Amino acid sequence: MNTQITIAGVTFKNPVMTASGTFGSGMEYAEFVDLNRLGAVVTKGVANVPWPGNPTPRVAEVYGGMLNAIGLQNPGIDVFLERDIPFLKQFDTKIIVNVCGRTVQDYVDVVERLGDEPAVAMLEINVSCPNVKEGAIAFGQNADALSGITREIKRHARQPVIMKLSPNVTDIAKMAKAAEEAGADALSLINTITGMKIDIHKRKFALANRTGGLSGPAIKPIAVRMVYQAARAVKIPIIGMGGIANGEDAVEFLLAGASAVSVGAMNFVDPCTTEVVLDGIEYYMRRHDVENISDLIGAVED
Amino acid sequence: MNTQITIAGVTFKNPVMTASGTFGSGMEYAEFVDLNRLGAVVTKGVANVPWPGNPTPRVAEVYGGMLNAIGLQNPGIDVFLERDIPFLKQFDTKIIVNVCGRTVQDYVDVVERLGDEPAVAMLEINVSCPNVKEGAIAFGQNADALSGITREIKRHARQPVIMKLSPNVTDIAKMAKAAEEAGADALSLINTITGMKIDIHKRKFALANRTGGLSGPAIKPIAVRMVYQAARAVKIPIIGMGGIANGEDAVEFLLAGASAVSVGAMNFVDPCTTEVVLDGIEYYMRRHDVENISDLIGAVED
Amino acid sequence: MKRRVSAEVIINREIAPAIYDMWIQPVQKLPEINPGQFIGVFLKDKSLLLPRPLSICEVNADRTALRIVYRIAGAGTHEMSLRRPNDGLGYVTVLGPLGNGFPLEKGEGKRTLLIGGGIGIPPLLELAKRLKAEKQIVVGYQNCNTAGFLQRDLAQYGTVHVATEDGSVGTKGNVLDAVRQKRIEADLIYACGPMPMLRAVKAYAQEKGIPAYISLEERMACGVGACLGCVVKTNQVHHHTNVNNARICTDGPVFEADEVDI
Amino acid sequence: MKRRVSAEVIINREIAPAIYDMWIQPVQKLPEINPGQFIGVFLKDKSLLLPRPLSICEVNADRTALRIVYRIAGAGTHEMSLRRPNDGLGYVTVLGPLGNGFPLEKGEGKRTLLIGGGIGIPPLLELAKRLKAEKQIVVGYQNCNTAGFLQRDLAQYGTVHVATEDGSVGTKGNVLDAVRQKRIEADLIYACGPMPMLRAVKAYAQEKGIPAYISLEERMACGVGACLGCVVKTNQVHHHTNVNNARICTDGPVFEADEVDI
């Protein structure tokens, strides 16, 4: 049974990854999960300087999922390179670094710093965080802006570039094509969907930021649909995510056209979810006699 | 305690309505719910001629909700006027007719036929059904198209017009403004969000239509956010919907800026949900000493 | 007003691999029930909101309890299989009876043939119990693992013939192979089972020039005829829908085979 | 590897209006637990996915069972309150112990003051049990309805003083009114309770020039320090986050009052 997949020339032992922002840099989950079993660890977004993030409350529970408005709190690229990368290097897994910024130059600065770090296999560019005012999602909701920042980043990146797309758009296929044409090596989707919760007894917003990003099983059908539409629109590989809780969910994304999958909010529900997902994929492959996992990618039919 | 609300000059005894397509024309639910208690019955979408709808399977269950791709099956305006309107007239509730079509002329034909029926209090124009090829959502995902069809319908409508908006857009506020500027008397949102489910064992789409509209509690945070954004962008009243299951959910939509609420998919989970919602709103008003329900509309604070 | 009711689980046991036999006692006495009607069963699992449509297998004499025989087909029926009498999970919420059921009067005094395939067998029990007619009952099973469930129950009300795909029990083949092999003659057929079986039954009835009443299945949402989720193509424009579609949940689940395009 | 574990519910009873006392027995022996640590409790209700962070009230001698005293604050804790030993709902899934807890060594041999407000009282019990020091324990309640829960338990380990907002029991007013009225002198404070109380405790400790260790609450998601959902502003750049933020779930929930900006 072969669970290997290759994205933009990078080979992963299996398609199970972690969704940026839900797994830190792996440290917190290393006591629950054998990181060596994961296809890749996708880190929490890192910026050129430390970001304090949003005021609290930053998270709220909703039906079948959660809202978050962390605001990309991160220690900045210096500490990240000194502490997080050496930690992750100890494990036999691929490292994908999620990059965030407010201006194109912010992104480029981080991308260039990471270019000197051979342990970093790929870069994931976060142009879809709904919780920060400038930058981020502004680039992710307009095809021209997306293609502009993608070109600029590709001009400076030494590693293959994954553009992480926002689901808060009218036409995900159009955004996917824009990123592909601008040179993106791969796409990841979906980021969270902008949502809101109100405490009806206090008559206040549940989040200090008013709105937050919705994640969890509640959004899975939207994510599967968008992965399917994006996969039919572009030739570059797609990393699918959105409410994945087990192997069956992961296989659904693969069948829809994803080459790999990321586990996000469900890490908070069971810290062992990434391994549960991997075990479930392998069980499915055995049960259905699937020799190569690549045979599942985009294999859904009418 | 006053639960009356007024939308575009039409007064409703309370803000509880039924989401189009989830309540037929009330006949099927009349044995479960006292229709006289409802603020309004919003009918299943009706076209100028009968529509057979999509092939089956048309529905699929997903986490905290469901997908549907009925395809606006309806008996056509003739049968609707002969059978459904006379049935609804027996009850002391307002009648809002949902109108669908493939071309602008289709919509206009139905709108004109309904103009001769004084029992119809308002028209709701469905420009956001994700499950029919032509028309419908095409008008709902482009601001110019939305404003065009809104103007044309307003030119022929004798009753106040509610434009039902699609959540499958980048900027709901922009769409809301487009409809308002084109003369819409009110807005209703959200319609369903396009989603997909795949049967991983058969490797087939769960719906014959491949994609379907996601509804149920899973989408509530997205709906509340869009109602909030739309309410801040326009002055016309908004009818909010999306996963409402009880009075607390309804109050959340009112606080976000909705003047009324519709119960949709949850009618399928408990056929008495509309009355449960009304009872819950009244309980909340008693508990929090709310004299006029209008005091709740848009009353959320930081 | 009708509403969902809570029902206590009296019995819930596995009678064949993944096939469960459940008796439930609703908090209020049941209305008149026609064989072939179904109930919607709601689950505690809040990720699974829609009712599970399950055909009524049997009703006790004083209409205080009913029996459903179901197969574990997914997370919902799996949850049902875990219910135990007298514990925190010892009750279910149900809606019904729903749908129309088999037309008993059509078969009264005639030579009737009741055909059931797999998990389509259960509704035949209440039908056989209530039908005043000569009854030949043919039931089909996949193989010896499932073969036999409800067979003894049915034998109280008519002559039972068995067919299994693997020939391990009764006639080798499907239910119609058994009908032909046993040379069963009938004036009318009632059937419930998988779609391929129902298509074969429809063809057989046409060949014999006799009426067949078949119970159909489809993905359902509301179960009361409002959502138009579960429709079947009809040969005539249907009086309610005004198109060539009938609602399986309310216009059915039982249809005369000639009415529907399956 | 650590993981979530299933725990059997041994006792779950209401000890004051909407306040429950639950003893659970995890399938495996508990690791060393520090007073002030908490566990994440997962629910069966699939609409409520995140763990409920609940402070550990007490651990039995052989570390096979632990006690949590919680208030019904929403649907999740309501579900917990329905758990009954020996039925289908008789167990919970938990993760923990989580967080750091109160620094026992700081208070050893000193005159310590333990302050608890409302549902912040429970973690003081294990603290009082394990702390080798002179202990004055001040607990505050809303009114006579809730007044007294855990009071007798605490009395085994120190002198307990009570304050109630309505004066129905003990000192009329808040916990600090009681401290002042009783002229309690201390070298160090441990406190857990609502934010206004903790702010007052911090101010009081500064006024007296003594250290205070306070246990904070915030909306949490992961509970293990990964999501950065539950942070508190810190006066210094925090070593881990590299910004003026500390994670309550892992860097806390107990902080020295002077470290945090509350």
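No value in this document is a laboratory result; all are computed from the given coordinates. Computed from a predicted structure; not experimentally measured. Glycine gets a Cβ as well: all are built from the backbone with ideal geometry, and neighbour counts include every protein chain shown.
Per-structure values
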quantity	calculated
Placed amide H near residue A:198: partners under 5 Å, 5+ positions off or other chain	A:206
In order through segment A:166-179: 3J(HN,Hα) via Karplus (6.51 cos²θ - 1.76 cosθ + 1.60), integer Hz, x for Gly, Pro	8, x, 7, 9, 6, 9, 5, 4, 5, 5, 4, 5, 4, 5
Sorted by Cβ density within 10 Å, fewest first, the residues C:55, B:25	B:25, C:55
Anchor residue C:233: lysines whose Cα lies under 23 Å away (excluding residues fewer than 8 positions away in-chain)	B:44, B:133, B:204, C:202
For segment A:1-52: span of alpha carbons on each principal axis (Å, largest first)	45, 29, 12
Among the listed pairs A:13/D:2; C:44/D:29; D:106/D:135; A:202/D:172, those beyond 20 Å (Cα-Cα)	A:13/D:2; C:44/D:29; A:202/D:172
Footprinting exposure proxy for C:216, C:114 (fewest neighbouring C-beta atoms within 10 Å first)	C:216, C:114
Under-5 Å amide H pairs with residue C:134, H placed in peptide plane, nonlocal only	C:109, C:110, C:112
Residues C:204, A:63 arranged by fewest to most Cβ contacts within 10 Å	C:204, A:63
Coarse-grained scattering of chain C at q = 0.09, 0.12 Å⁻¹, given as base-10 log I(q)/I(0) from a Debye sum over alpha-carbon atoms	-0.38, -0.70
Net charge of Cβ neighbours under 12 Å - reference residue A:214; Lys, Arg +1; Asp, Glu -1	+3
10 Å Cβ neighbours from other chains, averaged over peptide A:164-176	2
Backbone HN-Hα couplings from phi across segment A:216-232 [Karplus 6.51/-1.76/1.60, Hz, Gly and Pro as x]	x, x, 4, 9, 4, x, 6, 5, 4, 4, 5, 4, 4, 5, 5, 4, 7
Chain A - percent relative contact order, Cα under 8 Å, separation 6 or more	20 percent
About the Cα centre, charge dipole magnitude for segment C:47-130 (Lys/Arg +1, Asp/Glu -1 at Cβ), debye	200 debye
Pairwise FRET efficiency - residue B:232 versus residue A:232, Cβ, R0 = 25 Å, nearest 0.05	0.10
Longest DSSP-loop-exposure-free segment, GluC sites (Glu not before Pro), chain A, at most 10 other Cβ within 10 Å	A:135-290
Charge dipole of the protein assembly as shown about the Cα centre (unit charges at C-beta), most positive-ward option of A:211, B:219, D:198	D:198
Expected 222 nm ellipticity per residue - DSSP helices of 4 or more, -39500 (n - 2.57), all of chain A, to 500	-8500 deg cm²/dmol
Cα point-scatterer Debye curve for the protein assembly as shown, base-10 log of I(q)/I(0) at q = 0.05, 0.10 Å⁻¹	-0.36, -1.36
Inter-part distance where segment D:125-178 and segment C:115-154 are each reduced to a Cα centre, Å	69 Å
For q = 0.06 Å⁻¹, Debye-computed log10 I/I(0) when each Cα of segment A:5-296 counts as one equal scatterer	-0.16
Most mobile of B:100, B:129, B:272 in a GNM of chain B (Cα contacts under 10 Å)	B:272
Spatially proximal aspartates and glutamates relative to residue B:89 (Cα-Cα < 12 Å; intrachain offsets below 8 disregarded)	B:117
Selected from D:104, D:115, D:125, residue furthest toward positive end of dipole (segment D:17-128; charges at beta carbon)	D:115
Centroid-to-centroid separation of segment D:188-248 and segment A:1-58 [C-alpha atoms, Å]	28 Å
HN-Hα J in Hz across segment D:215-224 - Karplus 6.51, -1.76, 1.60, θ = phi - 60°, x for Gly and Pro	9, 9, 10, 6, 4, 10, 10, 6, x, 10
Sites residue B:173 and residue D:73 - FRET efficiency at Förster radius 41 Å, r taken between beta-carbons, to 0.05	0.75
For chain C, calculated [θ]222 nm from helices alone, where every DSSP H run of n ≥ 4 adds -39500 (n - 2.57)	-4500 deg cm²/dmol
Measure of compaction for segment A:181-298 (Cα Rg per 2.2 N^0.38 Å)	1.22
Test item: Cα-centred dipole of chain B, Lys/Arg +1 and Asp/Glu -1 on Cβ, debye	980 debye
Alpha-carbon centroid distance for the pair segment A:93-162 / segment C:43-80, whole angstrom	52 Å
Relative contact order %, segment B:1-89, counting alpha carbon pairs below 8 Å whose residues are six or more apart	24 percent
DSSP bridge pairs, chain C: antiparallel proportion in percent, nearest 5	60 percent
Residue-count net charge about residue B:168 - beta-carbon cut-off 11 Å; Lys, Arg +1, Asp, Glu -1	0
Cα-centred dipole magnitude for segment D:104-217, charges only on beta-carbon of K, R (+1) and D, E (-1), debye, nearest 20	240 debye
Alpha carbon convex hull of segment D:4-155, volume per residue in cubic angstrom	107 Å³
Sequence-distant residues sharing a close amide H with residue C:89 (under 5 Å, placed H)	C:84, D:88
Spacing of the two label points (7 Å from each Cα toward its C-beta) at residue C:8 and residue D:61, in nm	4.4 nm
In segment D:185-262, GluC sites (Glu not before Pro) in a DSSP loop with at most 11 other beta-carbon atoms within 10 Å	D:185
Segment C:5-98 - percent relative contact order, Cα under 8 Å, separation 6 or more	38 percent
